[in-house]
Each structure stands twice: as C-alpha cells, then as structure tokens.
Amino acid sequence: MKILSKVILVAGIGILFASCRKEGLGGRASVSGFVKHHAMVVPHAVVYIKYGATEFPGEEVAIYDASTVADANAKYEFTNLQKGDYYLYATAFDTLNMQSLNGGIGIVLKKTEAKITDVPISE
C-alpha cells in the first residue's frame, strides 16, 4: 500500500509540473502576420518576441527571448510556442524618410492556436 501511495504521489507531482509549463518554446501554438507602418507593409523588419509579457517590456532588444526577420513581403512567424502571454516588438528603418520605425503588440495564445497578428510600427 505504501508503494502505491508513493507511485500516486510521484505521478501527481509529475502531472502538476507538466501542467505548469510557462510561455516559450515546446508547444503547438504559433503567431504570424505582417509588419505594417500605417497600412503599408515593411519588408525585412526585425521582429522580437518576449515570453510571459503582454505589456511593452522596453526597446532594449537584449531582453527579448527570440527574434526573426520578416521576409520580402513583410511576413514574420514564430512557431512551437506554449500557450500564454507574449509581446511582439518590431524595428525597421525607413530609407525613404531616413527614420527609425518601431512598435509592438501584446498577444495571448491558446494551447494549439495559430494566431494571425500584424505588428504595427511607427516613427
């Protein structure tokens, strides 16, 4: 009986830890979209993602957990994410007006969600 109790206890602890997974990699959710300045797409912008945040964590890119470069059509994508809170922050340089652009948006992902979210940037 004592062995069965220990097995049940260990299994319960394992289930508890498995259900407490935090935001980050290792899940089945994803987010993708386009980087946009007003209504115009911005190709080749760098998009950063911060795990566990929906509020702007700051402009210092070193605090973000991962990044990707939007393609020539301004599309970005992050895959294999856990459910939870994320903040997307994008930076680019407008060569026409010679100015830096940046901005971001907070999102919440469900367990297997494939969310489509455009990242707005401005002067």
Residue 84 versus (1) without any contact (Cβ under 8 Å) to a residue 40 or more places away in the chain; (2) touching a strand residue (DSSP E or B) at 6+ places or on another chain (Cβ under 8 Å); (3) small (Gly, Ala, Ser): which is the lone unmet condition? (1)
So residue 72, is it surrounded by fewer than 17 Cβ atoms within 10 Å (Cβ to Cβ), of a type in the set (A, V, I, L, M) and at pLDDT 95 or above: yes
Within the stretch 103-122, the count of residues that are under 12 Å from the mean Cα position of the chain (by Cα) and free of Cβ contacts under 8 Å to residues at least 60 places away in the same chain comes to 4
Test: residue in the stretch 76-94 that is outside any strand (DSSP E or B) and either hydrophobic (A, V, I, L, M, F, W, C) or surrounded by fewer than 16 Cβ atoms within 10 Å (Cβ to Cβ) (or both): no
Whether any residue in the stretch 53-64 is part of a strand (DSSP E or B), touching a residue at least 12 places away in the same chain (Cβ under 8 Å) and of a type in the set (S, T, N, Q) is what I want to check. no
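The values are calculated or read from the model by the stated rules, or taken from the named source; none is laboratory data. In this text, all values refer to a predicted model and were calculated from it rather than measured experimentally. Positions of Cβ are backbone-derived with ideal geometry, glycine not excepted, and every protein chain shown enters the neighbour counts.
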